[in-house]
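Below you'll find the structure, written out as structure tokens, and then a few comments.
The values are calculated or read from the model by the stated rules, or taken from the named source; none is laboratory data. All figures in this text were calculated on a predicted structure; none of them were measured in a lab. Glycine also receives a Cβ, built like all others from the backbone with ideal geometry; neighbour counts cover every protein chain displayed.
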Amino acid sequence: MGMDDKAGNEATELKGKAKESAGKVTGNESLESEGKADQGEAKVKKAGQHVKDATHDVKEAFKG
């Protein structure tokens, strides 16, 4: 995964946190839920990145 993807995932997580906070402050449950969903999406993508990176590391170790 490239740096652009990683930065995009960080941005999505931060956007989600902002939405969640704004939803809590304003009492907007829909916005709060949307923020939580954005954060969840970013966390799933990050987990996928870690798996992909680990797989790459294992492949490189066996090549070496």
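Of everything in the stretch 28-64, what is farther than 18 Å from LYS6 by Cα and among the hydroxyl-bearing types (Ser, Thr, Tyr)? Give them in sequence order.
SER30, SER33
For MET1, only one of the following conditions fails: (1) part of a helix (DSSP H, G or I); (2) surrounded by 11 or more Cβ atoms within 10 Å (Cβ to Cβ); (3) at pLDDT below 95. What is its number?
Condition not satisfied by MET1: (1).
Confirm whether LYS52 is touching a helix residue (DSSP H, G or I) at 6+ places or on another chain (Cβ under 8 Å) and either within 15 Å of GLY8 (Cβ to Cβ) or in a helix (DSSP H, G or I) (or both). Talk me through it step by step, then tell me what you get.
Working: touching a helix residue (DSSP H, G or I) at 6+ places or on another chain (Cβ under 8 Å): no; either within 15 Å of GLY8 (Cβ to Cβ) or in a helix (DSSP H, G or I) (or both): yes.
Here the answer is no, as LYS52 does not meet what is asked.
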